[in-house]
Amino acid sequence: MKVLNHRVRARILGMATVAGLSAIAPGAEGVACGYDNPQSVSRGCLNWSYPFSLHVMGAISREVAARRLPIANFDRGGVDLFGHKYLLAKKALEQFGVMLRATSHQPPQAPVAVVLVEPMLWARFEPTAAGLRTTVHVSGAERGDLVIVTGEAVITEITARRLTLDEAYARGIMRLYADNARIAVFVQDYRQVGSNQGRLDTSSTPARSNISAVTSTP
């Protein structure tokens with residue numbers, strides 16, 4: 001076998017890099033998530049576009065080890081018949097959108113994109129005249145989106161009202177990407193998403209702790 005010269009190797013490496021970056025570039029089309037092919041998306045490229053975003057995975061691992069989070073459905077063993085794991089994640093993301101819409105007096109002023117780091121599944125929550133529109137399994141964030149990087153188990157626990165958005169943010173299992181002002185407004189408006197004392201539930205469960213200060217991520 002002939003050894004490739006340095007120009008050919010550089011060209012191949014460049015093509016591979018561009019392909020990887022296009023997988024997470026805003027507005028990229030036709031990108032498969034981990035439910036389609038676990039090798040299709042590079043988490044390293046996510047970390048490139050959203051610095052330190054993969055720290056979420058370490059934080060989630062620590063929470064799972066401490067039994068404060070369950071193992072993500074995506075990471076559980078067994079045959080996934082009929083795309084059941086994907087459907088569970090999709091349902092959780094759709095419920096998260098319902099809770100965003102119901103918790104605040106008005107929807108986010110700009111679209112919000114969420115990526116679940118285990119399967120690299122993206123969803124977008126876009127304000128419209130009819131309310132907040134949720135779209136699951138999109139190709140990635142679009143320019144101007146506030147981006148949330150988190151895990152499947154985190155979103156599932158929030159929708160089950162066992163975890164609030166501000167707790168997830170404070171514990172590092174959710175990271176937000178936008179300018180400081182937008183992050184501050186978003187956390188202030190939606191910090192109680194997942195709380196039993198939110199607008200969807202008026203039970204007497206004690207209030208959960210809140211974030212005392214908000215700064216941009218990382």
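Apart from one condition, Arg133 fits all of (1) in a loop (DSSP other than H, G, I, E, B); (2) open to solvent by 20 Å² or more (accessible area, probe 1.4 Å); the exception is (1). Selection of the range 138-171 for residues being buried (at least 18 other Cβ atoms within 10 Å of the Cβ), touching a residue at least 60 places away in the same chain (Cβ under 8 Å) and under 22 Å from Asn47 (Cβ atoms) yields Ser139, Gly140, Ala141, Asp145, Val147, Val149, Thr150, Gly151, Glu152, Ala153, Val154, Ile155. Of Gly97, Gly83, all but one fail to be modelled with pLDDT under 80, assigned to a helix (DSSP H, G or I), of a type outside the set (Lys, Arg) and open to solvent by less than 40 Å² (accessible area, probe 1.4 Å); the exception is Gly83. Checking the stated criteria, Val185 turns out to be open to solvent by 30 Å² or more (accessible area, probe 1.4 Å), out of contact with any Phe, Trp or Tyr (no Cβ under 7 Å at 6 or more places or on another chain) and not in a loop (DSSP other than H, G, I, E, B).
If a residue must be in a loop (DSSP other than H, G, I, E, B) and either open to solvent by 100 Å² or more (accessible area, probe 1.4 Å) or in contact (Cβ under 8 Å) with a residue 24 or more places away in the chain (or both), how many such residues does the range 47-79 contain?
13
For the range 117-130, taking the residues that are in contact with a strand residue (DSSP E or B) (Cβ under 7 Å, 6 or more places away or on another chain) and of a type outside the set (Gly, Ala, Ser), the one that is surrounded by the fewest Cβ atoms within 10 Å (Cβ to Cβ) is identified as Glu126. Would a scan of the range 193-200 turn up a residue that is at pLDDT 95 or above and buried (at least 16 other Cβ atoms within 10 Å of the Cβ)? For the range 193-200, residues at pLDDT 95 or above and buried (at least 16 other Cβ atoms within 10 Å of the Cβ): present.
The values are calculated or read from the model by the stated rules, or taken from the named source; none is laboratory data. Values in this document were obtained by computation on a predicted structure and should not be read as measured data. Heads up, the Cβs are rebuilt from the backbone with ideal geometry, glycines too, and the neighbour counts pull from every protein chain shown. The protein model used for the area step is the full one, side chains on, heavy atoms only, and it has no ligands, DNA or RNA in it. Shrake-Rupley method; radii C 1.70, N 1.55, O 1.52, S 1.80 Å.
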